[in-house]
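I have placed the structure first, in the form of C-alpha cells, so that the comments after it can refer back to it.
Read-outs: derived from the displayed coordinates by stated rules, not from any lab. Keep in mind it's a predicted model, so treat the numbers as computed, not measured. Here the Cβ is made from the backbone with ideal geometry for all residues, glycine too, and neighbour counts use every protein chain on show.
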Amino acid sequence: MENKIQKQHSTRTQLELNLGEQLNALISASHALNMRTAALFDPTLQPASFLIVRWLLSFGPATATLLAESTAMDRSSVSRLVTQLKQLGYVKSETHPEDRRGVLISLTESGREKASNAIKEKEKEFYKRISKWENSELKTFIEMLKCFNGPDNH
C-alpha cells in the first residue's frame, strides 16, 4: 500500500514539474511575442510603452495613476513613457470631464491604428498555433485555462 502511495506521489510530482515546464514555455513565448509586437508598433520605443498603448486600446482613456496601477509600473515611469508617446503622436491628454484638475490619457487615431495593426500580427502567430486543433480541443483548452486562472476569470 505504501509503495502505491509513493508511486502516486512520484507521478503527481513529475506531472507538476511537466506543467511548470509548459507554463514557463508559454510565458517565455508570450513575452517574446509581446516584445516583437511592441517593436512592430514602434521600434524606437521601449516595450513598456506598448503596455500602456495596449491597455488604452483595451480599456479606453485613463489617468496616469490608473495606468501605473494596471500595468504594475511606477508613476514616474508611466509619466516618462506617456510623454514619449505624446511626442510621437500616439496618445493625447485631456482634462478629466468629472474632475477638472485631473487628466485623462487616451490614444490618438494614429496610436489606435498602429496598435491594432501590431496586434493583428501578434494574433496571426497565435492563431497559427491553434489552427489545426479541432473545435472540441480548443473548447477543452479554454475551459481548462478558465479553471487554472481561477474563479474570477469565468
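Do the alpha carbons of any pairs in K86/K124; K92/K120; K92/K114; K92/K124 sit beyond 26 Å of each other, and which pairs? Mind showing how you got there, number by number?
Numbers: K86/K124 28 Å; K92/K120 23 Å; K92/K114 15 Å; K92/K124 29 Å.
Listed pairs above 26 Å: K86/K124; K92/K124.
Gain in length, W133 to Q46, computed as 0.36 nm per residue apart minus the alpha-carbon separation, to one decimal in nm? Present the calculation step by step, with values, prior to reporting the outcome.
Details: separation 87, 0.36 × 87 = 31.32 nm, distance 3.48 nm.
Between W133 and Q46, full extension yields 27.8 nm more.
Just flag the chymotrypsin sites (Phe, Trp or Tyr not before Pro) in segment 54-154 sitting in loop per DSSP whose Cβ has no more than 13 other Cβ atoms within 10 Å.
On the way: sites: W55, F59, Y90, F126, Y127, W133, F141, F148; in loops: Y90, W133.
Loop-located and lightly packed - W133.
Tabulate in residue order the Karplus-calculated ³J(HN,Hα) for segment 23-31, using 6.51 cos²θ - 1.76 cosθ + 1.60 with θ = phi - 60°, rounded to whole Hz; enter x for Gly and Pro.
5, 4, 4, 5, 5, 5, 5, 5, 4
Out of P97, P43, L19, whose Cα points farthest toward the positive end of the dipole of the chain (charges: +1 Lys, Arg; -1 Asp, Glu; placed on Cβ)?
P43
Can you quote the Å³ per residue value for the convex hull of the Cα atoms in the chain, rounded to an integer?
Numbers: hull volume 26.9 nm³, N = 154.
With only Cα atoms used, the chain gives 175 Å³ per residue.
Would you work out which of L33, P151, W133 lies farthest towards the positive end of the dipole of segment 32-154? Charges go on Cβ: Lys and Arg +1, Asp and Glu -1.
L33
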